[in-house]
Every structure is written in C-alpha cells, then in structure tokens.
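These notes are about the structure you will find just below.
Since every read-out is calculated from the coordinates, none of them should be taken as a lab result. If you're wondering where the values come from, they're calculated on a predicted model, not measured in any experiment. Counting neighbours? That spans all protein chains shown, and the Cβs are built from the backbone with ideal geometry, glycine included.
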Amino acid sequence: MKKPHSTVVPIRQKPAEISANLKVVANSNVIQVSAQLLKDYLQEAMASHLEQINLLMTKRMDDGVSTPVPGMQMSQKESAKLFSRYIDLAVKNVESLSRSLVEPERKKVASSEGWESLQLLDTDEVEKQLILEKYISASETELVDMLYGLNRRLEFVLKSNTLKNSNNPYGPYVLLTTYSDMLSSDSFTKAESDIFFKAFSMTVLSKLGDVLEKINDAFIQAKVLPDLPKSKPVTKASGASARKEVVSPGGASQAEVPEKTAVVNERMQPVTEIEPALYRSLVEMAEVFRMQAGEKMVSDGLSVSGQLMPTIELIDTLTELQKGNAISGGDLNNSVRLQIGSSVQSEGQRRPYEEQDEILIDVVAMFFDVILQDRHLPDIVRVLIAQLQIPVLKVAMMDKEFFTKKSHHTRRFLNALSQVGLGISEQNRQMKSAVLEKMEELVARVLMGFEDDVEIFSELCDEFDVFMEQQQRQVDVIEERSRKVTQSTERLELIKRKVDYEIALRLEGKRIPEFVQLFLEDAWRDVLVLAFLREEKAPREAEESLIIIDLLIESVVRPEGTDAKRSVIKGLASLFKGIKLGLENISYDFHVTAAFFKDLESWHKQVLTGISNEQEDLSAVEEVALVSFEDASDSVTLDVELKQELEGELAQMPEDKFSQRVNDMHVGDWVEYENPEGTMMRAKLSWKSSVTMQCLFVDSGGAKAMDISVVDFAEELREKRMWLIGQEKASLVERALSGMKERIASVDEEPALA
C-alpha cells in the first residue's frame with residue numbers, strides 16, 4: 001500500500017528552504033481563504049442576478065419587445081444549475097493560483113495554424129466583445145485602487161514581475177469573460193446574452209468592491225505586502241536644512257538664502273548635488289549644445305548682473321511659467337532660456353543663475369532638441385511632448401536620478417507618451433480619439449498640477465497604464481477581426497485557384513459536351529470551393545466532390561467496350577445522388593438543376609445505350625456542342641505555379657534600399673502616408689502573407705487601413721508617397737540620450753548616463 005504524499009518539510013532542508021516552503025504553505029492558505037470569500041459573495045450576488053434578469057425581461061416586454069425565445073424564461077432549478085456552474089468556474093480560476101505555487105510551470109506547445117484553418121470572425125462576436133469591454137472598463141475604473149493593491153500582492157505571491165487586470169481572477173475582466181464563455185456554450189441568442197451581461201454588471205460587478213476589500217485584508221493579515229511598495233517619497237526639507245549652504249560640483253558655494261526663500265524651501269524637495277562623473281558629462285553636453293546651437297540660441301538677449309538666483313527661486317519661476325503656458329498655450333518656438341529670461345527680467349537685466357542650473361537648462365534644451373527631431377514621433381505627439389520641457393527641467397533640477405535611473409517616473413511618463421503616440425495621426429484629432437484626448441489630459445494635468453512633487457508622474461503613469469490596457473483590449477478585438485477578414489479573403493482566392501486547377505487537371509485531354517463544361521465551371525466550382533473551405537471539419541467532402549467530377553466526365557465521354565459501358569451505368573445512381581447532394585449544399589437553383597439533369601439523362605441514353613425516348617428530339621442531343629481540352633505538355637502543379645508567379649513579381653522589384661526595407665519589414669512596424677484628402681496618416685503592419693506576400697495595415701484603432709502587396713509598397717516608398725517608420729526598439733528617453741551622445745564626437749570619456 002502506497003503511503004500518502006507527505007507535505008512535511010524534509011529535515012535535510014536548509015533554514016532558508018524551510019522558510020520558503022512555509023511561505024508557500026501560508027500563501028496557499030490565503031488563496032484558499034480568498035477563494036471562499038469570492039464564492040460566498042458570488043452565491044449571494046447570483047441570486048440577485050436572476051432577479052435582475054427577470055426585471056430586465058419584464059421591462060423589455062413592457063416596452064413592446066417580445067421575448068426572443070422561450071429559453072429566456074429559466075426555471076429556478078435551471079438557473080440555479082447554470083449559476084452554480086459559473087461559481088465553480090470562478091472559484092477554480094482562483095484555486096489554480098494555489099496550484100501554481102507548488103507545481104512546476106508547464107510549457108505550452110505552440111501550434112502553428114496554416115491558412116486553411118483561418119476563419120472569419122463574426123460581427124456579432126466583435127459587438128459582444130465591445131459590450132463586455134464597456135462593462136469591464138467601467139468596473140475597473142471604479143475599483144482601480146483595490147485592483148492595484150491586489151495585483152501587487154498576487155505578484156508577490158506568484159513571484160511575477162507584472163500582473164495585469166486581465167489576469168486577476170478576482171477582477172471584473174476574468175469574472176465577466178468567464179461568465180461570457182459559459183453562456184456561449186449554451187444556446188442563448190445575442191439579445192438574451194446582452195440582458196445577462198447587463199444584469200451581471202448591475203448585480204455582480206457593482207458591489208465587487210466589498211469582497212475585493214475583504215480579500216485584500218486577507219492578504220494583509222497573511223503578511224503579504226501589508227504596506228504596498230511605493231516610489232521613493234518626496235522628502236520635505238525642514239527650515240533648518242533648507243538654509244544649509246549648497247556646494248556645487250564646480251566648487252562655488254551658495255550663500256545662505258533669505259528668510260522668504262527659506263520658507264519656500266520648507267515645502268520644496270531638496271535640490272540634490274550631482275555626482276562629479278555625471279556632472280562632467282552634463283557640462284560636456286551643454287558645451288556641445290552651445291557650440292552647435294550658436295550664441296543666439298542659448299542667449300536670452302539680456303544683460304546679467306547682481307546676486308545669484310537661488311535654485312529654489314528659479315524653480316518657483318519655472319512653476320509660474322509652466323502654469324502660464326498651460327493657460328495661454330505658450331510659444332513652443334521660444335527656447336526655455338528665452339522664456340525664463342522674459343519672466344525674470346527687469347529693464348533688460350536679470351540675475352545670474354547657479355552654474356549647475358545653467359548646465360541643466362542647456363542639457364534639457366539639447367534633450368528636447370533631439371526628441372523633436374525623432375522621426376518615430378508624429379508631429380502631433382512632438383508638439384504634445386514639447387510642452388513638457390519646463391516640467392522636465394524642474395525634475396532634472398530637483399532629482400538628478402532622472403539622468404541615471406531608467407525606471408524614473410518622469411522617464412516612464414515620457415516613454416509611455418512616445419510608445420502610445422507612435423500610431424497617432426491628425427485623423428485621431430479629427431475623430432476625437434479617446435487615446436489622444438487622454439494624452440492631452442495627462443500633459444495638461446502635469447502643467448497645472450506639478451509643483452515640487454515628482455510623484456505625480458508615477459500616479460499619471462499608473463493611470464495611463466490602466467487606461468491603455470482597457471483600450472488595447474478593444475483594439476485587439478477589432479484588429480483580430482480585420483486580420484481574419486483579410487486572411488479569409490486570401491484563403492478564398494487561393495481555394496478558387498485550387499479548384500480551377502483541379503477541374504482543369506481532370507478535363508485535360510478530354511472531349512465533353514459543352515453543357516457539362518458550363519456546369520463544372522458554374523455550379524460545381526462553387527460546390528468544390530465550399531468543400532475546401534470546410535475541409536478541416538469535413539475532410540472527406542472535398543475528396544468526394546472531386547470524385548464526382550471524375551465520374552461525371554467518365555459518364556459523358558463515349559466509353560469503349562461493353563464492360564466499360566456497364567461500369568459507367570452501374571455508377572450513375574451514385575453520380576446523380578452525389579450531384580444532388582452537392583448542389584443542395586450551395587442551395588443551387590432547382591429549375592437550373594432539373595434542366596441539367598434532363599440534358600445529362602438524354603446524353604447518357606445516346607452515349608451509353610443508344611436508346612432515346614421517341615417523344616424526344618434526338619437531333620437536339622446529336623447537335624450538342626463538344627469542347628476539347630488539349631494536352632498541356634508543360635503543365636505544373638498548383639504550388640509550383642503559385643511559386644513561379646510570386647517569384648516573377650518579386651523579380652520585377654529593383655534591387656535597391658526600398659525593396660530591402662520592405663523585405664525586412666516585421667509585423668508591428670508603422671508606416672506614414674498621405675490620404676487623398678491630404679491628411680498625414682499612420683498604419684501598422686498587422687499581417688504579411690507568406691503565400692501571396694500581401695500586407696495588411698491597420699490604424700491605431702485596429703481597423704483595416706489598407707491592403708497592399710510588397711511590390712506595390714516598395715514602389716510607394718520609392719516614389720515618396722509612403723514612409724516606413726518601423727517600431728520603437730528603444731524607449732524615447734534612451735533614444736534621446738543616445739542622440740545626445742552621438743553629438744559629442746570629440747568626447748574621450750563615455751558619458752555616465754544610464
């Protein structure tokens with residue numbers, strides 16, 4: 001008798017291993033507790049859910065809309081069974097987290113589907129996904145804080161780097177999509193499902209926050225991140241520390257600031273010193289910028305005299321200028337230096353800035369100069385990011401980690417705007433794109449709300465991530481439909497070519513009546529196309545349809561010898577039955593079918609038996625036109641024919657950089673082009689056929705933008721009617737810093753920038 005599996009920690013384990021296993025057991029327990037909490041909540045909520053469904057149905061009938069089918073009126077027993085099945089599925093989603101703690105990760109075997117398996121995504125399915133997304137987005141927005149905490153704690157338990165709302169088994173996305181998947185397995189109509197989803201949102205999702213709060217508390221009691229990790233808090237300077245002398249890397253000391261400035265400094269994040277190695281790099285960049293930009297670019301046209309302007313006072317000036325620009329729009333053509341100088345000047349004079357501030361002003365100016373020349377960014381996004389020059393300068397003055405820390409919140413914010421903005425075009429503004437409006441809103445909030453707390457960038461980044469996750473799910477659904485429509489269209493064209501080839505192959509060297517040829521090219525061609533489309537579900541159907549062609553041709557070609565005639569006559573019953581079945585599959589016209597069978601029967605009587613109905617005009621049969629199909633000595637297989645055709649088209653492409661760019665293009669690459677109305681547009685490569693080399697491009701919303709061959713696309717690039725943008729291989733800030741380094745051609749020492 002086998003011993004039961006023991007969960008006792010082996011004695012030989014090291015203390016660290018024992019501790020780790022105890023944590024696993026503890027984490028498994030909290031998963032079980034949370035699963036029970038969710039189960040209790042759903043049992044109560046699903047009872048209200050049924051009542052809400054009946055209320056919505058009653059209202060629907062009162063409004064004059066009849067019930068779609070009787071199945072909507074579920075009995076108490078049927079509904080209890082259905083909803084019990086859902087609760088079990090939802091709980092299993094949670095319990096699977098516990099199993100993942102103790103079971104090794106199982107690798108998924110990637111399956112590659114050929115073009116034969118592609119199917120068109122039903123429009124109803126797209127509409128359903130968008131309805132679900134509406135309810136999910138509304139719920140996630142309401143529960144954003146609780147979902148954030150729960151996601152972080154699950155990441156800690158699962159030892160995962162990132163866990164999105166779409167993977168959280170307690171969240172609206174998983175709960176509603178699991179419910180939707182369960183309903184799809186039953187025979188509910190679209191109208192019925194819509195009522196189910198609406199009732200689910202009103203009963204289950206509306207009060208989900210109560211149970212999420214309990215689940216979060218359960219994790220906290222289990223010592224799973226009782227204090228959520230936050231970004232480095234802003235340190236408030238005390239009055240004493242604010243008045244301490246600050247020594248710049250250049251050696252100059254800043255005198256003790258006046259009492260008024262000290263009061264201001266108490267609420268300000270302390271201005272940190274720059275590490276010497278970094279400072280040397282920044283000095284070098286500033287010098288290069290001044291040399292390349294020229295004196296007019298870096299000068300504000302004012303005479304400089306008087307006492308040094310403290311950094312804190314300069315930051316206050318920048319804040320006022322930043323908010324003023326947010327209200328008035330500002331002039332982005334003016335340099336930061338000129339904008340600052342105009343604000344602080346008095347009768348054409350201004351006080352000198354700290355040496356460190358002078359350097360940072362020019363480095364940030366150089367930083368944005370490179371960004372504004374970035375070819376990846378569309379003009380509309382360049383203008384948006386350009387508005388952040390003063391906020392970024394303030395960040396650089398207050399927190400020198402901006403230059404050295406890749407995960408800095410401000411860098412994340414800039415990178416997010418760039419990444420999302422890659423597909424933005426002027427059309428997004430004209431169509432009131434939700435994404436562009438969100439980007440504009442976030443930038444406006446920085447300009448109006450950012451004073452001295454850089455934590456604002458972290459908060460906006462998190463908010464933007466949640467927003468884009470919701471948007472991306474909608475885009476993915478629409479893009480998938482666009483891709484499947486194009487793939488299905490190509491597959492249909494390939495199948496039509498295959499059918500034409502199969503028919504021609506069987507007619508080769510034959511001489512048949514013209515009415516049979518017309519029947520094959522008109523009716524039976526559609527039968528074969530349908531059979532090949534359904535080949536995956538009914539693999540024998542296409543083969544049987546091809547056999548019908550062989551039998552039909554054999555029956556109308558005059559057989560030689562008695563045995564051959566008897567063999568054909570014996571197979572006529574199967575032939576007629578097969579033809580009728582095939583024509584019924586495509587709903588072929590009954591009257592046309594009857595006429596064809598009449599002609600075929602008359603021909604068979606003459607060819608196979610020599611007997612005809614006395615009332616029938618035999619001369620009409622004898623006068624039937626015959627069509628000959630000559631032998632093709634150079635006939636090739638369909639695959640070879642397609643390959644030769646494609647190679648012929650590709651051979652016409654000139655061997656230049658444009659052809660090379662198209663051949664090296666990858667899914668996800670963006671292109672820019674001008675539409676007939678003269679508006680600059682952007683589109684992303686969503687799919688490139690390996691058979692016909694057709695390319696599908698979609699817009700930022702996932703909808704089809706254009707369908708073009710690689711040959712034509714290369715020609716568009718060559719004629720400068722389209723431009724290949726590519727995709728972000730590096731983040732915006734990294735690209736900008738690399739561009740700044742490239743400008744320093746004579747540097748002996750590599751700048752110490754991350």
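A few comments on the model shown:
- From most to least packed by mean Cβ count within 10 Å, the peptides 440-447, 281-288 give 281-288, 440-447.
- Region 510-628 - Rg and Dmax from Cα coordinates, angstrom: 14.8, 49
- For region 523-531, backbone phi angles converted through the Karplus equation (6.51, -1.76, 1.60; θ = phi - 60°) give residue-by-residue couplings of 7, 6, 4, 5, 4, 5, 4, 4, 5 Hz, Gly and Pro being listed as x.
- Computed lengthening from Leu581 to Val304, 0.36 nm per intervening residue step minus Cα-Cα distance: 90.2 nm
- ³J(HN,Hα), Karplus 6.51/-1.76/1.60, whole Hz, each residue of region 434-446, x for Gly, Pro: 5, 5, 5, 4, 5, 4, 5, 5, 5, 5, 4, 5, 5
- Subset of Lys498/Lys537; Lys438/Lys657; Lys496/Lys605 violating a 27 Å alpha-carbon distance limit: Lys438/Lys657; Lys496/Lys605
- Using θ = phi - 60° and Karplus 6.51 cos²θ - 1.76 cosθ + 1.60, couplings along region 50-56 (whole Hz; Gly, Pro as x): 5, 4, 5, 4, 5, 5, 5
- Under a 5 Å amide H cut-off, with hydrogens placed 1.01 Å from N, Met722 pairs with Leu717 among residues at least 5 apart or on other chains.
- Potential extension, Lys223-Asp40 segment - 0.36 nm per residue separation minus Cα distance: 63.6 nm
- Long pairs among Lys510/Lys565; Lys39/Lys92; Lys92/Lys198; Lys406/Lys741; Lys323/Lys406; Lys704/Lys729, criterion Cα-Cα beyond 20 Å: Lys92/Lys198; Lys323/Lys406; Lys704/Lys729
- Relative to the compact-globule estimate of 2.2 N^0.38 Å, the Cα radius of gyration of region 638-736 comes out at 1.17.
- Packing, taken as the mean count of other beta carbons within 10 Å per residue, orders the peptides 483-490, 539-546, 730-737 from highest to lowest as 730-737, 483-490, 539-546.
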